[in-house]
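*Asks:* Following this message is one structure expressed as structure tokens.
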Amino acid sequence: MGVAFKVEDLRFRYPSSKEDTIKGITFDVLEGEVFGLLGPSGAGKSTTQKILIKLLDDYTGSIEYFGKNLKSLDNSFYEEIGVGFEVPVHFSKLTALENMKFFSGFYRQTVDIQGLMERVGLWEYRDVKVGEYSKGMKVRLNFVRALLNKPRVLFLDEVTNGVDPKNARIIKDMIAEFRAKGGTVFLTTHLMNDVEELCDRIAFCVNSRLVEISTPRDLKLQYGKREVKVEYRKNGAIASAVFPLDGIGFNDAFQRLLQTEEIETIHTGESSMEEIFILVTGVEVK
Amino acid sequence: MSSQARLVAGELKRLAKYNILPVSLATAIIWVVLFLFLSEQEAREITPLLIFVDVAAMSILLLGASHHLEKQEGTIKTMMVMPVSTGQILAAKTVASMVLAVESAVPHLLPCFSFMGLLSTMLCFCCLLP
């Protein structure tokens with residue numbers, strides 16, 4: 001597996017700012033993985049993404065894209081990446097199909113627009129002006145636009161924000177399929193369900209620095225409690241008991257509870273992604 | 001179609017869809033109709049002002065409105081992550097602005113020509129076009 005992006009000691013400061021927005025971050029995005037960048041608002045996530053997609057180039061440190069210096073790449077770089085911005089960006093007075101045809105016209109290779117729009121349930125609304133679309137429809141169209149050029153790397157910002165659960169499922173399935181075919185995804189989101197379902201690795205960006213890079217599974221174990229919580233019904237009411245996870249197979253009290261009570265649920269004590277986000281960033285998930 | 005031609009075609013299509021071209025044409029026609037109520041002397045005096053206000057200022061105003069809409073919609077961000085250069089995007093916008101100015105200027109030719117003559121009219125417009 002190659003390295004899609006290799007970022008070393010990245011620093012960036014906006015001209016109007018007195019201090020760095022990115023304070024020396026280092027990370028790799030591996031080819032074929034979904035890499036999630038999480039953090040509270042203003043932590044530097046969007047700036048990092050803007051740098052990686054070459055919208056900002058006045059940075060220090062080094063960024064390699066599949067082994068090549070990002071700064072040395074010309075506009076053909078954009079043939080290989082797809083970008084789904086947080087806020088849907090389309091011409092509102094043009095229909096969805098007109099928008100897609102306009103954008104796809106600039107790429108050497110393109111996908112079947114009809115197939116993609118059908119998949120996200122927008123084909124029947126193809127002749128409706130984008131200005132008349134609901135927020136969820138705009139977000140789905142945004143996702144379609146990001147995939148128009150069969151990208152090698154996909155940048156997605158809050159990709160399911162404002163989308164109903166059914167269509168969010170479709171989008172997440174499409175991302176998983178994209179990854180299964182070898183595509184790389186750089187995901188920025190506040191939606192912890194998306195992170196848990198999609199990301200192979202995640203990085204937390206806090207105060208312009210990366211404070212943690214790991215897999216969701218390892219983080220859940222690292223920040224969780226090694227315990228088992230059992231809920232059972234006793235005299236018509238719900239009762240619960242907590243046992244240490246270590247040596248659970250030899251815990252007599254646990255075994256007796258399983259044998260004598262009407263068990264309702266059994267859960268290990270790993271933390272949820274929301275809890276980890278709060279622990280690592282110190283900011284509540286909204 | 002080349003990327004540059006596609007960008008220009010896109011700009012012109014949007015000028016039409018966002019009603020910039022029709023509004024510009026309608027404004028020009030209103031000015032031309034007003035000429036019918038002026039004497040030749042008044043028309044000669046008002047022509048430079050008219051050309052400045054309608055052909056130049058209105059074009060700038062309408063283009064500004066078009067770019068403001070683009071900024072609001074964030075579409076310029078999308079254009080910046082396509083395999084086209086900033087220069088190509090700017091060139092397309094320049095061509096579109098020239099088309100807008102020509103579209104506004106042409107309706108003025110007829111009344112101006114009627115009292116200023118061909119050479120003076122052409123000179124006047126050539127000086128003002130972008």
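The values are calculated or read from the model by the stated rules, or taken from the named source; none is laboratory data. These figures come from a predicted structure and were not determined experimentally. Methodologically, a virtual Cβ is constructed for each residue, glycine included, from the backbone with ideal geometry; neighbour enumeration extends over all protein chains shown.
*Asks:* Within the stretch A:230-286, track down each residue that is in contact (Cβ under 8 Å) with a residue 12 or more places away in the chain, more than 24 Å from A:Phe204 (Cα to Cα) and in a loop (DSSP other than H, G, I, E, B).
*Replies:* The answer is A:Leu245, A:Asp246, A:Glu261.
*Asks:* Let me ask something else. Name every residue in the stretch A:116-137 that is under 17 Å from A:Ser104 (Cα atoms) and touching a residue at least 24 places away in the same chain (Cβ under 8 Å), in order of residue number.
*Replies:* Residues of the stretch A:116-137 that are under 17 Å from A:Ser104 (Cα atoms), as a first pass: A:116-118, A:122-123, A:126-127, A:130.
Hits for the stretch A:116-137 are A:Leu116, A:Met117, A:Leu122, A:Arg126, A:Asp127, A:Val130.
*Asks:* Continuing with this model, one more query. If the requirement is being over 19 Å from A:Val111 (Cβ atoms), assigned by TED's automatic domain parsing to the domain that holds A:Gly44, in a helix (DSSP H, G or I) and modelled with pLDDT under 90, which of these qualifies: A:Asn161, A:Asn193?
*Replies:* Values: A:Asn161 fails: in a helix (DSSP H, G or I).
Result of the check over A:Asn161, A:Asn193: A:Asn193.
*Asks:* Would you confirm, using the coordinates I've provided, whether A:Glu79 is within 10 Å of another protein chain (Cβ to nearest Cβ) and at negative phi? So that I can check it myself, show each step before the final result.
*Replies:* Details: within 10 Å of another protein chain (Cβ to nearest Cβ): yes; at negative phi: yes.
Answer is yes for this residue.
*Asks:* I've got another one for you. Do we have any residue at all in the stretch A:216-233 that's outside the structural domain of A:Asp9 (by TED's automatic domain parsing), hydroxyl-bearing (Ser, Thr, Tyr) and modelled with pLDDT of 90 or more?
*Replies:* yes
*Asks:* I've got another one for you. For the condition within 14 Å of chain B (Cβ to nearest Cβ) and not basic (Lys, Arg), what is the one hit in A:Thr110, A:Thr160, A:Thr184, A:Thr188? Walk me through it before giving the result.
*Replies:* Working: A:Thr160 fails: within 14 Å of chain B (Cβ to nearest Cβ); A:Thr184 fails: within 14 Å of chain B (Cβ to nearest Cβ); A:Thr188 fails: within 14 Å of chain B (Cβ to nearest Cβ).
Exactly one residue qualifies, and that residue is A:Thr110.
*Asks:* What helices (runs of 4 or more DSSP H), lying completely within the stretch B:1-105, carry at least 3 residues that are within 25 Å of A:Val87 (Cα to Cα)? Walk me through how you get there before you give the answer.
*Replies:* Details: elements: B:3-17, B:20-35, B:40-50, B:59-73, B:75-80.
Fully inside the stretch B:1-105 and qualifying: B:3-17, B:59-73, B:75-80.
*Asks:* Another question, then. Between A:Val228, A:Val242, which is in contact with a Leu (Cβ under 9 Å, 6 or more places away or on another chain) and hydrophobic (A, V, I, L, M, F, W, C)? Talk me through it step by step, then tell me what you get.
*Replies:* Details: A:Val242 fails: in contact with a Leu (Cβ under 9 Å, 6 or more places away or on another chain).
Being in contact with a Leu (Cβ under 9 Å, 6 or more places away or on another chain) and hydrophobic (A, V, I, L, M, F, W, C) holds for just one of A:Val228, A:Val242, which is A:Val228.
*Asks:* Filter the stretch A:262-277 for residues that are charged (D, E, K, R) and either out of contact with any Lys or Arg (no Cβ under 8 Å at 6 or more places or on another chain) or within 11 Å of A:Arg217 (Cα to Cα) (or both) and give the result. Break it down stepwise before answering.
*Replies:* Step one: of the stretch A:262-277, the residues charged (D, E, K, R) are A:262, A:264, A:270, A:274-275.
Result: A:Glu270, A:Glu274, A:Glu275.
*Asks:* Being at pLDDT below 95, closer than 20 Å to A:Arg201 by Cα and in a strand (DSSP E or B): is that true of A:Ile63 here? Give the steps one after another, and end with the answer.
*Replies:* Numbers: at pLDDT below 95: no; closer than 20 Å to A:Arg201 by Cα: yes; in a strand (DSSP E or B): yes.
No, not satisfied.
*Asks:* Every residue in the stretch A:256-286 that is polar (S, T, N, Q) and surrounded by 13 or more Cβ atoms within 10 Å (Cβ to Cβ), please.
*Replies:* Keep residues of the stretch A:256-286 that are polar (S, T, N, Q), which gives A:259-260, A:265, A:268, A:271-272, A:281.
The answer is A:Thr268, A:Ser271, A:Ser272, A:Thr281.
*Asks:* Still on this structure: Mind checking which residues of the stretch B:11-31 are within 12 Å of another protein chain (Cβ to nearest Cβ), in contact (Cβ under 8 Å) with a residue 40 or more places away in the chain and either in contact with a strand residue (DSSP E or B) (Cβ under 6 Å, 6 or more places away or on another chain) or not hydrophobic (A, V, I, L, M, F, W, C) (or both)?
*Replies:* B:Glu11, B:Arg14, B:Tyr18
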